[in-house]
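Below is one structure, written out as structure tokens; the observations come after it.
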Amino acid sequence: MNRRTLAWLLLGIGLVVTAVGGLQVFQLATAPAQPWSPLLRDNVVFALSLPFLVGLGLVLGTVQALLTPGRRVEQRPGQLRRFAPSTVLLHWTNAVGFLIALGTGGIQYLTGVLDKPPPAPLWVIYRLHYIGASIMVLVATTFVTARLLTADYRLLPPRGGWIRHLRGLVAELPTPLGNAVVWALGLRRGRAAPPVGQFTYYEKTVDFPLWTLLLAAILLTGALKAMRYLYPLPGAVVHAASVIHVATMVLLTLKLLDHLRYMLAPSRWPLLRAMVTTWVAEQHVREHHPAWYAEVTAAPRGAPASPPPEGVAPGAAQQHA
């Protein structure tokens, strides 16, 4: 089955799951009486809305993949497009949901640890938490669906390319830290670092993989915690999910600080602006991403930078990041 056929199949499945999940949530929301407190009601609504969110994400991700142009780098005088507009929209939408969920989750945790009353009614904090989590589930499903259908894995090292990428990572790290990585991984010393492509080696070997693992852990454990009122989950499973959920929240806080440290460095401000405007200065690409610049300049303007894989749309490997 080629990717285009798979895309239409997923689109149909997504529409069915979205309709069934939406009907389920609507029936719950309009029921005349509920046997739950406001706090538990929101938990149940969130758990029951997960099929709707996943189905809608399948639909949105499939549509994004079907509408994806060929893998070509858009250019305008003095600038290259680093991110597709849909990528920027997904990034900032997820950021809003993430900050809401992280902030309210932190309030819940600290309220219990410090034995202090919350700054707002607890059901309000939980409702906001579920809203943030819902946004994250929707964005994650959309993002993963689109990437799989377009076979766009440029934010990860290619198969067999980890050693090369780790050498590139060493060159991007401060010297003492880079030397520690060389020693810890047994890398051969003295070998020249490969040139940087569209994404830095830190982004591909550390930043994106860590975000992926931590967000997957927080979403999966959160879903288990929410479903415990609908299904008879073993107590040990619920306890483990709760512990991992809190631990992952702490790790995500640290990862957010690291992400801000990395992106707010003056040398990377052009990349930060690209996450708003989608465009990055050609001079910055030439100086800091020579491998990507060579790839772009090697292809005729407007032509695909490399042969596209079999995909959803003509030239389906997307320029999205």
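The values are calculated or read from the model by the stated rules, or taken from the named source; none is laboratory data. What you see is a predicted model, and the numbers here were worked out from it, not measured in a lab. Glycine also receives a Cβ, built like all others from the backbone with ideal geometry; neighbour counts cover every protein chain displayed.
Structural remarks
Results for (1) part of a helix (DSSP H, G or I); (2) touching a strand residue (DSSP E or B) at 6+ places or on another chain (Cβ under 7 Å); (3) closer than 23 Å to residue 283 by Cβ, shown as yes or no for each residue.
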| position | (1), (2), (3) |
| --- | --- |
| 46 | yes, no, no |
| 52 | yes, no, no |
| 56 | yes, no, no |
| 64 | yes, no, no |
| 73 | no, yes, yes |
| 80 | no, yes, yes |
| 83 | no, no, yes |
| 87 | yes, no, yes |
| 94 | yes, no, no |
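Yes/no per residue for (1) in a helix (DSSP H, G or I); (2) farther than 23 Å from residue 87 by Cβ; (3) not basic (Lys, Arg):
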{"position": "157", "(1), (2), (3)": "no, no, yes"}
{"position": "160", "(1), (2), (3)": "no, yes, yes"}
{"position": "164", "(1), (2), (3)": "yes, yes, no"}
{"position": "178", "(1), (2), (3)": "yes, yes, yes"}
{"position": "192", "(1), (2), (3)": "no, yes, yes"}
{"position": "196", "(1), (2), (3)": "no, no, yes"}
{"position": "202", "(1), (2), (3)": "yes, no, yes"}
{"position": "208", "(1), (2), (3)": "yes, no, yes"}
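- Residue 290 passes every criterion in (1) surrounded by 15 or more Cβ atoms within 10 Å (Cβ to Cβ); (2) touching a residue at least 60 places away in the same chain (Cβ under 8 Å); (3) not charged (D, E, K, R) apart from (1).
Every residue, every condition in (1) modelled with pLDDT under 90; (2) more than 26 Å from residue 223 (Cα to Cα); (3) crowded, with 17+ Cβ neighbours inside 10 Å, yes or no:
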{"site": "54", "(1), (2), (3)": "no, no, yes"}
{"site": "68", "(1), (2), (3)": "yes, yes, yes"}
{"site": "89", "(1), (2), (3)": "no, no, no"}
{"site": "99", "(1), (2), (3)": "no, no, no"}
{"site": "113", "(1), (2), (3)": "yes, no, no"}
{"site": "146", "(1), (2), (3)": "no, no, yes"}
{"site": "152", "(1), (2), (3)": "yes, yes, yes"}
{"site": "161", "(1), (2), (3)": "yes, yes, no"}
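- Positions within region 166-176 being farther than 25 Å from residue 73 by Cβ, in contact (Cβ under 8 Å) with a residue 24 or more places away in the chain and part of a helix (DSSP H, G or I), in sequence order: 166, 167
- Restricting attention to region 57-86, the residues that are within 15 Å of residue 297 (Cβ to Cβ) and of a type in the set (A, V, I, L, M, F, W, C) total 2.
- Screening residue 256 on (1) modelled with pLDDT under 95; (2) under 19 Å from residue 155 (Cβ atoms) shows it passes everything except condition (1).
- Candidates 125, 131: the one that is surrounded by 13 or more Cβ atoms within 10 Å (Cβ to Cβ), touching a helix residue (DSSP H, G or I) at 6+ places or on another chain (Cβ under 9 Å), in a helix (DSSP H, G or I) and free of Cβ contacts under 8 Å to residues at least 24 places away in the same chain is 125.
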